[in-house]
1. For the stretch 150-159: of the residues being exposed (fewer than 15 other Cβ atoms within 10 Å of the Cβ) and touching a strand residue (DSSP E or B) at 6+ places or on another chain (Cβ under 8 Å), which is farthest from T34 (Cα to Cα)?
2. Only one of these conditions is not met by V114: (1) touching a residue at least 40 places away in the same chain (Cβ under 8 Å); (2) part of a strand (DSSP E or B). Which number is it?
3. Consider L206 against the criteria (1) aliphatic (A, V, I, L, M); (2) in the same structural domain as G399 (by TED's automatic domain parsing); (3) touching a Lys or Arg at 6+ places or on another chain (Cβ under 7 Å): it satisfies all of them except one. Which criterion is unmet?
4. Which of the residues spanning the stretch 340-375 are of a type in the set (D, E), loosely packed, with under 15 Cβ neighbours inside 10 Å and either part of a helix (DSSP H, G or I) or touching a strand residue (DSSP E or B) at 6+ places or on another chain (Cβ under 6 Å) (or both)?
5. What's the total number of residues in the stretch 357-398 that are aromatic (F, W, Y), more than 10 Å from the chain's Cα centre (by Cα) and within 18 Å of I43 (Cβ to Cβ)?
6. Assess whether T352 counts as being under 20 Å from T200 (Cβ atoms), at pLDDT below 95 and within 30 Å of the chain's Cα centre (by Cα).
7. Take the stretch 9-30 and flag every residue that is crowded, with 24+ Cβ neighbours inside 10 Å and of a type in the set (A, V, I, L, M).
8. Restricting to the stretch 192-226, what's the tally of residues that are surrounded by 22 or more Cβ atoms within 10 Å (Cβ to Cβ) and farther than 25 Å from G355 by Cα?
Amino acid sequence: MKVVVIGGGAAGFFGAITCAQENPQAQVLLLEKTNKLLAKVRISGGGRCNVTHHCFEPRVLAQHYPRGAKQLKEAFKAFGAQDTIDWFAARGVELKAETDGRMFPVTDDSETIVNCLLQEAKRTGVQIKLGAGVENIIPVQENHQKHFRLQLSNGATLLADRVLVSTGGNPKPVGYNWLRQLGHVIEEPVPSLFTFNVPTSPFKDLLGISVPKAKVRVAGQKLEYEGPLLITHWGYSGPAVLKLSAWGARLFSEQQYHFTVLINWIPDFTEESLREHLQQYRHAHPKKVVSSNQLFGLPQRLWKALTQLAEIPAETIWAELPGKNTNKLVEALLRASFEVKGKTTFKEEFVTCGGVALNQVNTKTMESRVQPGLYFAGEVLDIDGITGGFNFQAAWTTGYLAGKAIASAINP
């Protein structure tokens, strides 16, 4: 029985390997349209590969997915983060957890993961063909059995008994037309995980400055996220912004990436406790210059920029700080307002919100409800996570479920 896996990324490899391992009778062929296998695995985490996240409770793990949380909660019971750790450990690859929960190979080198997957594919007999893009999948009936005829971009055709589509996310709706033609509903693809461009930012000169904890909120919305924030020459980045971009992916697309964000640089303070703290500091240090004596552990250059935002003259001392400027400083610290106009892709780690609608897939097996015998795994589905190893975990999980189900279906 011939199984064709379309797409040589994390989900495709994991599905192919699982299928071949679970059922040695399966002839598994993996097709990759480019000449590079596991491209995203190689560049992930700055070349270290953020394999998964140190979170072992399926319900909690699923909460890190703006799209697909409900379906993944059950899927993670079958194959979760601990299963991923164990799978790689059994093949000689040890993972380590960092303080923020991200998990990397102890080698800090993505090639460790790439080589492990390539070796495992070879060991289990998975055949790999590069430069083999699939243009169309045509269901056909032969001898009272359903097969799939695959039309390749080079003009060749292949016949498969089972097909696993793991082609990743596509930023353009037209990229899903071949799946629409098979009857699948596609949730409109829009970017996720991007940084905010703020062309009029008064903080452009502060590029590279970061704060370990800030709260970024979208004005007029309930959307907010707290975490490390990085100032860039084009605006704002860092986990707080990237994760917010994932949760607000559809909204920001509808607004054409033009909206206002409010940044709270000291989220541990309420307005009341902040005013009280400033008053106490004023009494204790009346002669200190406001702009050159930073508070709250904020970087000095950022503190100075915030005092400028509050229109506090450079040499003003605390004893002479007018009430109106104190009010402006409170605003700058708790609700600094910035107009976002546009986005920038985060490094090369493009993630798409959208894809094959999940109600069209049996998420226990990843089999299409529209075209039995056809399976999906990875970002081609309307599943995406925030940064931190969550997108790879979804790839391993859905690839595993699809591969196992295909193996069972071939030889019941």
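1. Among them, the one singled out is L159.
2. (2)
3. (2)
4. Selection gives nothing.
5. 1
6. Spelling it out, it is not the case that T352 is under 20 Å from T200 (Cβ atoms), at pLDDT below 95 and within 30 Å of the chain's Cα centre (by Cα).
7. A10, A11, A16, I17, A20, A26, V28, L30
8. Total meeting the criteria: 3.
The values are calculated or read from the model by the stated rules, or taken from the named source; none is laboratory data. Here the structure is a predicted model, which is why all the values come from computation and not from measurement. Note: ideal-geometry Cβ built from the backbone for every residue, glycine included; neighbour counts use all protein chains shown.
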